[in-house]
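Undergrad: I have a structure here, written as structure tokens, and I will follow up with some questions on it.
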Amino acid sequence: MSESAAQLTESLLKLLQNETFVLLNTVDAESGGPTSTVISWVYAVDSSTLRLAIDHRSRLVRNIKENPLVTLTVFGEETVHAINGSAVVKIDPLPDVPFELCCFDVQISAVRNALFYGAQLESAPKYAKAYDQRAAEKLDGQVFAAMQKA
């Protein structure tokens, strides 16, 4: 692990301005324990702000509203980054998408290398959409356009 910075590096900013996925860690509103969920609707607004879109059917919306402290784990740049911050509702519901999403802005407080000392990722994990590719691309396009306008 290394020292933390208070904002995204230029290469991490670029990575998070394109479609990728992150592990979102929140505090569960019911149990008070940690919880982790993979999300792909994440967008770097700038080097100190990340924007997330989350389906209202997800427990994550309640978790974040009740405890805004989050960590996003990002796999890239040959390492694993832990991005800590505090989330606030940007817009709810997010307009111009076919179902209700809550849009959060995360103000970044720390970015650090979370990979153990001496290790390096040989490749970032990849995922495939297991449903209708055209429908997925259309929905992703609508969500990212709405997030960028928010």
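Undergrad: Return the only residue of VAL70, VAL61 being at negative phi, part of a strand (DSSP E or B), of a type outside the set (Asp, Glu) and in contact (Cβ under 8 Å) with a residue 40 or more places away in the chain. Lay out the reasoning, then the answer.
TA: Details: VAL61 fails: part of a strand (DSSP E or B).
When all the criteria are applied, what remains is VAL70.
Undergrad: Still on this model: Filter region 111-137 down to the residues that are more than 20 Å from the chain's Cα centre (by Cα) and in a helix (DSSP H, G or I) and list them by number.
TA: GLN133, ARG134, ALA135
Undergrad: Scan region 86-107 for residues that are part of a strand (DSSP E or B) and open to solvent by 20 Å² or more (accessible area, probe 1.4 Å) and report the count.
TA: 6
Undergrad: All but one of (1) modelled with pLDDT of 95 or more; (2) closer than 23 Å to SER123 by Cβ; (3) crowded, with 17+ Cβ neighbours inside 10 Å hold for THR73; state the number of the condition that does not hold.
TA: Here THR73 meets the rest and fails (3).
Undergrad: A further question on this structure: Please determine whether any residue of region 20-30 is part of a strand (DSSP E or B), open to solvent by less than 10 Å² (accessible area, probe 1.4 Å) and of a type in the set (Ser, Thr, Tyr).
TA: So far as region 20-30 goes, yes, one or more of its residues are part of a strand (DSSP E or B), open to solvent by less than 10 Å² (accessible area, probe 1.4 Å) and of a type in the set (Ser, Thr, Tyr).
Undergrad: Which count do you get for residues in region 1-51 that are in contact (Cβ under 8 Å) with a residue 40 or more places away in the chain, more than 23 Å from LEU115 (Cβ to Cβ) and out of contact with any helix residue (DSSP H, G or I) (no Cβ under 7 Å at 6 or more places or on another chain)?
TA: Here the count works out to 2.
The values are calculated or read from the model by the stated rules, or taken from the named source; none is laboratory data. Just so you know, these numbers come straight off a predicted model, no measurement behind them. Cβ coordinates were reconstructed from backbone atoms using ideal geometry, including for glycine residues, and neighbour counts include every protein chain displayed. Ligands, DNA and RNA are stripped out before the accessible areas are found, and what is left, the full protein with its side chains, is counted by its heavy atoms. Shrake-Rupley method; radii C 1.70, N 1.55, O 1.52, S 1.80 Å.
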